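Have a look at the structure below before the remarks.
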Amino acid sequence: MEKSINNRYYLDYNATSPLADKVKTFLGKGDFLFGNPSSIHQTGKASRKKINETIDFLYKTFSLSPDEYSLYFHSGATEGINTYFKGIALKHFKEKIPSTFIFSNLDHSAVMSLEEDLISLGHEVVYFSTDKNSEFDLSELIKLIQRKEVDGKKVFLNFTVINNETGVVWPLTLAEAIKDSTDCQVHVDAVQLVGKIENWKNLSSKLDVYNFSAHKFGALKGIGFTFIKKSSEFKSLLTGGNQQDGYRSGTENALGVYSVKLALEEMLEFEPKNLRELKNDLQKNLESEFGDKLVFVNKNSKATNVNTLFLIVKDSKADQISMLFDLAQIDISTGSACSSGIFKENRILKNLGYDSLLSLSGLRISLGPSNLLIQKEELFDRVVRVIKKLSH
Ligand code: PLP
């Protein structure tokens with residue numbers, strides 16, 4: 001692992017992660033597992049073996065039972081999320097079962113953009129409210145689900161355990177409480193989970209579905225996986241060769257799958273609490289340097305992950321923030337979509353209740369293992385210098 005690449009500091013781990021060393025070493029050997037895992041010759045069997053090893057490893061790492069959960073691979077969480085929610089919506093459309101999908105407006109766009117299709121299949125999409133700290137009222141949410149169930153609806157909830165923008169954690173115990181009081185199916189968006197809280201391996205076997213994207217923790221791009229309870233409703237969106245027991249047809253990406261195992265092995269050796277220390281020190285440093293010029297968005301939230309600082313740099317704009325950090329050789333995110341050179345407001349800041357001006361001034365710094373190799377003072381200095389320029 002290098003502390004920087006071409007002297008750039010990579011502080012955008014919530015967007016994606018550099019390849020894990022173990023993955024790079026494996027690729028360096030030149031064995032790209034090209035055999036089709038469904039072929040019965042030795043080359044195909046070699047790919048199948050690596051897939052099976054990875055499957056065993058995933059069940060073991062997350063302590064889920066293969067008797068209770070199916071596990072299948074796909075291209076990443078966008079596919080996993082679309083498949084789960086649209087698959088159910090389609091099935092229930094055919095079976096004439098009115099369903100309610102409950103999301104939060106802080107969810108990733110892979111979730112929120114489902115709305116139109118779910119509604120056009122005759123279902124309803126409801127958003128539960130969150131406050132300025134990205135938190136929600138558990139009893140209100142339970143009541144909302146219960147009301148829908150009394151109305152005869154089947155209810156499906158998306159529960160984002162760690163928000164990619166704010167880093168706020170919704171502990172799985174909250175989702176468990178929802179399961180205890182309702183018949184709702186809970187889908188956990190677990191994309192930001194691995195390595196980003198101390199107890200990331202502890203999944204709850206009360207919950208129905210977990211979706212992961214493995215490029216977020218050092219595996220190749222284009223590979224993700226889903227654990228889904230065997231008792232859960234499911235209908236695959238893809239039909240074809242019936243690979244992976246029909247959960248996801250299409251020739252499996254053996255190299256991508258095996259990279260999941262290698263990357264996870266590396267994450268198991270990593271101590272997330274070291275990142276929390278770095279994050280807290282960086283925050284303290286920026287607070288003492290800039291005072292109320294900066295707003296730390298999740299400062300009062302009950303639980304946050306180890307690596308994300310989400311802040312507003314008052315009186316600056318996303319385009320300046322992006323440009324100056326880029327020039328200073330630091331990769332960060334502003335969370336402001338840019339189309340034709342015009343930066344839009346950060347959707348999450350807007351939905352958290354910040355006004356239009358402040359919503360244009362978002363800055364997300366998301367740390368990862370390679371940042372622990374940088375001299376702290378050097379890292380802080382580089383960030384401070386950019387923010388000083390922004391504050392002029
Ligand atoms: N959900 C969350 C919380 C995410 O952070 C992301 C990606 O940033 C996704 C879903 C979608 O993942 P992918 O882009 O890997 O398909």
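For the range 1-14, filtered to residues that are aliphatic (A, V, I, L, M) and surrounded by fewer than 16 Cβ atoms within 10 Å (Cβ to Cβ), the residue that is farthest from residue 25 (Cα to Cα) is 5. Of the residues 284, 216, 221, 206, the single one that is away from the ligand (no atom under 16 Å from the Cβ), modelled with pLDDT of 95 or more, outside any strand (DSSP E or B) and within 21 Å of the chain's Cα centre (by Cα) is 206. Remark: pairs (first residue in the range 13-31, closer than 30 Å to residue 42 by Cβ and in a helix (DSSP H, G or I); second residue away from the ligand (no atom under 16 Å from the Cβ) and aliphatic (A, V, I, L, M); Cβ separation under 7 Å; 6+ apart in sequence or on different chains) = 21/1; 22/262; 23/262; 26/262. Every condition in (1) more than 15 Å from the ligand (Cβ to nearest atom); (2) within 20 Å of the chain's Cα centre (by Cα); (3) not in a strand (DSSP E or B) is met by residue 152 except one, and the failing one is (2).
Looking for whichever is under 28 Å from residue 149 (Cβ atoms), away from the ligand (no atom under 16 Å from the Cβ) and surrounded by fewer than 18 Cβ atoms within 10 Å (Cβ to Cβ) here; the options are 90, 118. Which one fits? Step by step, each of 90, 118 is checked, and only 90 is under 28 Å from residue 149 (Cβ atoms), away from the ligand (no atom under 16 Å from the Cβ) and surrounded by fewer than 18 Cβ atoms within 10 Å (Cβ to Cβ).
The values are calculated or read from the model by the stated rules, or taken from the named source; none is laboratory data. Remember, it's a predicted structure, so these values are computed and weren't measured experimentally. Cβ: placed from backbone, ideal geometry, glycine included. Neighbour counts: every protein chain shown.
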